[in-house]
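Participant: My questions all concern the structure below.
The values are calculated or read from the model by the stated rules, or taken from the named source; none is laboratory data. Bear in mind that the values here come from a model prediction, so they are computed numbers and not experimental data. Cβ placement follows ideal geometry from the backbone for every residue including glycine, while neighbour counts extend to all protein chains displayed.
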Amino acid sequence: MLKRIIDGKAISKTIRDSLVPRIMKLKENNIIPGLGIILVGDRIDSQTYVNMKKKICDNLGITNFDVKLPEDTTQSRIMAEVQRMNSNPQIHGILVQLPLPKHIDEETILNNVSLEKDIDGFHAQNIGNLALNRQGSTATKLYPCTPEGCIELLDRSNIEIEGKHAVIIGRSNIVGMPLALLLLHRNATVTICHSRTKNIEKITQQADILVTACGRTQMVKRDWIKEGVVIIDVGINNLPDETKKRGYRLVGDTDYDDVFEKVGAITPVPGGVGPMTICILMKHVVQLAEKQLECKHEQQAQSAKEYEDRINKYGLGEGLNYTI
Ligand code: NAP
């Protein structure tokens, strides 16, 4: 039977635990997974997200190489950091914490992250591969972390996607748009709503799966949904709350208490999509480090084969200065 609360914390822990033996195997082969993080400016939320990511890296034994730059940093300074991380073999994935300050051309920065290290899947080529449902040149499918986390939540809660009407509120490049593509590739019928959508509640009432990703505090109410809908709430909003030390609490784009009795299942905020985003990021670092190991093994096999070919051709003596 479907559990009403989709527990992102528990699901993300299962995924993180499954990374431990993979990281150990990499270390046995002298590869320590490494994450490069570029944080620009003093946004408290961005700093909090980066600190959370660094803490989980530490827990898992993933090395983080973080660079913090001031708000007034130039485009070329960030670009130089990206290039430095691109050429550092100890860094397997690069995370540019978004949003970047207004004077920075975000698109150019993201497109300069090497395709092989594009841990967030934001590079235009990776988004293109996602749109076309292709494998991509790195043979490592990397999708943007939050949308991939949403799909994992559905899959690991045994919620069927195929044939369902999925409605997404939000069309951003980091959540709504890539998630729409992922759901489409899983044979859902997808409707995307945004700030110009008219009569939005008439559309959300048709959803079997509703993803709320618009950053509007508790916008979705009980009368916006049909009985039994599955809600994935991506939104993170601050709601003033004097009972809390910091003066606010985190809530989603859905009014959780209002809809709870009517839904088939729902992700809480916090404890739903948030932890999944971070654990998928960690999974991507490990995947890219494994790719490096695979390449190393392929190179060794190639060298061994060349050595054998030389011996077969010239006999021992000629090929002896070949190292493998
Ligand atoms: P974004 O770039 O600001 O995009 C918001 C989207 O929502 C836009 O497509 C916008 O429409 C749409 N929208 C805004 N107001 C609306 C309204 N009243 N009705 C319908 N659609 C509306 O935000 P984002 O980066 O996608 O993030 C969305 C939310 O998810 C935020 O709360 C963010 O903090 C959260 N988030 C959470 C995680 C996580 O790990 N849990 C990760 C990323 C983001 P237009 O395109 O027409 O402007």
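Participant: Within the range 250-288, can you find the residues that are of a type in the set (Lys, Arg) and free of Cβ contacts under 8 Å to residues at least 60 places away in the same chain?
Facilitator: Lys262
Participant: Return the only residue of Asn158, Asn237 being over 24 Å from Gly121 (Cβ atoms) and within 10 Å of the ligand (Cβ to nearest atom).
Facilitator: Numbers: Asn158 fails: within 10 Å of the ligand (Cβ to nearest atom).
Just one listed residue meets the conditions, Asn237.
Participant: Another question about this same structure. Of the residues Thr197, Thr191, Thr243, which single one is assigned to a loop (DSSP other than H, G, I, E, B), outside the structural domain of Asn51 (by TED's automatic domain parsing) and within 15 Å of the ligand (Cβ to nearest atom)? Working first, answer last.
Facilitator: Working: Thr191 fails: assigned to a loop (DSSP other than H, G, I, E, B); Thr243 fails: within 15 Å of the ligand (Cβ to nearest atom).
From the options Thr197, Thr191, Thr243, the qualifying one is Thr197.
Participant: Can you pull out the helices (runs of 4 or more DSSP H) entirely within the range 4-115 that have at least 2 residues that are of a type in the set (Val, Ile, Thr) and either closer than 30 Å to Glu227 by Cα or in contact with an Asp or Glu (Cβ under 8 Å, 6 or more places away or on another chain) (or both)? Working first, answer last.
Facilitator: Values: elements: 8-28, 44-60, 75-86, 106-112.
Ranges flagged: 8-28.
Participant: Restricting attention to the range 223-238, does a residue exist that is crowded, with 20+ Cβ neighbours inside 10 Å, touching a Pro at 6+ places or on another chain (Cβ under 7 Å), within 22 Å of Gly272 (Cα to Cα) and not polar (S, T, N, Q)?
Facilitator: No.
Participant: Read through the list (1) crowded, with 18+ Cβ neighbours inside 10 Å; (2) within 18 Å of Ala289 (Cβ to Cβ); (3) out of contact with any strand residue (DSSP E or B) (no Cβ under 6 Å at 6 or more places or on another chain); (4) of a type in the set (Gly, Ala, Ser), then give the number of the only condition that Gly170 fails.
Facilitator: That leaves (2) as the condition not met.
Participant: Restricting the first residue to the range 289-306 and requiring it to be charged (D, E, K, R), which pairs with a second residue that is assigned to a helix (DSSP H, G or I) and at pLDDT 85 or above meet a Cβ separation below 8 Å and a spacing of at least six or different chains?
Facilitator: Close Cβ pairs satisfying both conditions: Glu290/Arg22; Glu290/Leu26; Lys291/Glu116.
Participant: Search the range 78-101 for residues that are surrounded by 14 or more Cβ atoms within 10 Å (Cβ to Cβ) and pair each with any residue that is in a helix (DSSP H, G or I) and of a type in the set (Phe, Trp, Tyr) when their beta-carbon atoms are under 7 Å apart and the residues are at least 6 apart or on different chains.
Facilitator: Gln97/Tyr49
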